[in-house]
1. List the number of the failed condition for SER273; all other conditions in (1) touching a strand residue (DSSP E or B) at 6+ places or on another chain (Cβ under 9 Å); (2) assigned to a helix (DSSP H, G or I) hold.
2. Take GLU60 and decide whether it is over 18 Å from GLU266 (Cβ atoms) and out of contact with any helix residue (DSSP H, G or I) (no Cβ under 9 Å at 6 or more places or on another chain).
3. Restricting attention to the stretch 186-205, does a residue exist that is surrounded by fewer than 24 Cβ atoms within 10 Å (Cβ to Cβ), touching a residue at least 60 places away in the same chain (Cβ under 8 Å) and of a type in the set (Val, Ile, Thr)?
4. Regarding GLY140, is this residue under 18 Å from the mean Cα position of the chain (by Cα), closer than 29 Å to TYR11 by Cα and of a type in the set (Gly, Ala, Ser)?
5. Determine which single condition LEU220 fails, assuming it passes every other condition in (1) surrounded by 21 or more Cβ atoms within 10 Å (Cβ to Cβ); (2) under 25 Å from MET95 (Cα atoms).
6. Is it true that some residue in the stretch 111-130 is in contact with a His (Cβ under 9 Å, 6 or more places away or on another chain) and either modelled with pLDDT under 95 or within 16 Å of the ligand (Cβ to nearest atom) (or both)?
7. Quick one: SER251 ticks every box in (1) away from the ligand (no atom under 16 Å from the Cβ); (2) closer than 15 Å to PHE228 by Cα; (3) of a type in the set (S, T, N, Q) except a single one, so which number is it?
8. Looking only at the stretch 105-137, which residues are of a type in the set (A, V, I, L, M), touching a strand residue (DSSP E or B) at 6+ places or on another chain (Cβ under 9 Å) and over 21 Å from GLY87 (Cα atoms)?
Amino acid sequence: MPKVLLCPPNYFDVVDQKNPYMACPDLAEGSRESAVDRVKARSQWESLCSVLQQNGCEIELIDAVEGLEDMVFAANQVFAGEKIGYGKFVVPSRMVYPSRQREVPFYTDWFRSRNYQVIELDYGADYLEGHGDLLWHPDGARIYGGYGFRSTRGGVERFATEMSKMGIPVVPLQLVDPYCYHLDTCLCPLNDEAALIFPGAFSTEALASLHKFWKRIHLLTTEEAHRFMGNGIVVNGRYITPYVTPQLEASLHQEGLTPVIVDTSEFEKSGGSCFCMKTFLP
Ligand code: ARG
């Protein structure tokens with residue numbers, strides 16, 4: 001049974017602009033009453049939890065902390081993994097924004113108290129944002145590392161040096177579209193051979209390198225990517241996504257996946273959707 005970590009949206013809010021989706025008119029006017037509908041956010045988050053449970057996931061929770069408005073995005077604070085001979089480990093992130101930096105110790109402690117080895121990197125002036133920018137190939141053969149908006153190239157390189165000690169290669173991928181500021185918005189592994197990719201989000205070199213690692217690439221359009229259709233969760237033959245198009249449905253069908261729609265409109269105001277709201281536990 002896959003285990004997945006989530007954080008309830010008790011204090012979820014949009015209070016500043018960390019990415020282009022957060023350019024809320026209310027923010028600009030200084031009155032941000034209607035920025036987030038907390039009741040709606042709560043019910044959307046609960047629907048995501050139910051869909052995960054209906055598809056065989058066991059849910060673990062971390063307590064929300066007041067003042068940490070983005071803590072609900074459980075994909076970013078650590079990178080979690082497991083390697084034979086090394087066991088389960090996490091690499092705590094160095095987030096770009098100070099409010100998000102404060103989330104990291106809470107997640108790190110959560111994992112430490114559950115006996116994960118904590119691998120602290122010396123980041124210097126670099127940044128690395130967990131599973132926002134670091135994605136496992138499904139068979140664990142390598143890790144893809146996006147950089148350019150949040151994680152830095154240096155951050156991905158420091159991480160790669162650490163992973164090389166366990167014999168895990170890391171493929172750096174430069175991101176170029178501000179609406180795809182995290183890798184999990186433009187690359188979604190579907191199985192060992194196939195991935196959803198929005199080509200417009202990658203540098204020419206990054207795109208060429210992706211083609212080496214995937215037998216089948218299903219392209220996402222700009223519209224699909226910017227509406228978080230590449231930010232889905234693959235579990236139990238399902239693709240949990242906020243929206244679907246006929247084209248995306250056809251790609252998923254080819255890979256034996258059925259879309260399940262979960263409304264995440266409140267979280268999209270903050271630049272995140274299904275994938276960002278959880279971390280699979282190794
Ligand atoms: N508002 C959050 C931020 O900008 C959203 C994070 C979304 N997470 C993700 N893995 N893409 O940091």
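1. Among (1) touching a strand residue (DSSP E or B) at 6+ places or on another chain (Cβ under 9 Å); (2) assigned to a helix (DSSP H, G or I), the lone unmet condition for SER273 is (2).
2. Details: over 18 Å from GLU266 (Cβ atoms): yes; out of contact with any helix residue (DSSP H, G or I) (no Cβ under 9 Å at 6 or more places or on another chain): no.
Judged against the criteria, GLU60 is not a match.
3. The answer is no, given that none of the residues of the stretch 186-205 is surrounded by fewer than 24 Cβ atoms within 10 Å (Cβ to Cβ), touching a residue at least 60 places away in the same chain (Cβ under 8 Å) and of a type in the set (Val, Ile, Thr).
4. Numbers: under 18 Å from the mean Cα position of the chain (by Cα): yes; closer than 29 Å to TYR11 by Cα: no; of a type in the set (Gly, Ala, Ser): yes.
Spelling it out, it is not the case that GLY140 is under 18 Å from the mean Cα position of the chain (by Cα), closer than 29 Å to TYR11 by Cα and of a type in the set (Gly, Ala, Ser).
5. (2)
6. Within the stretch 111-130, the subset in contact with a His (Cβ under 9 Å, 6 or more places away or on another chain) is 129.
If we keep only those that are either modelled with pLDDT under 95 or within 16 Å of the ligand (Cβ to nearest atom) (or both) as well, we get 129.
Looking through the stretch 111-130, at least one residue is in contact with a His (Cβ under 9 Å, 6 or more places away or on another chain) and either modelled with pLDDT under 95 or within 16 Å of the ligand (Cβ to nearest atom) (or both).
7. SER251 satisfies every listed condition except (2).
8. LEU128
The values are calculated or read from the model by the stated rules, or taken from the named source; none is laboratory data. The model shown is predicted, which means the values in this text are computed figures rather than measured ones. Here the Cβ is made from the backbone with ideal geometry for all residues, glycine too, and neighbour counts use every protein chain on show.
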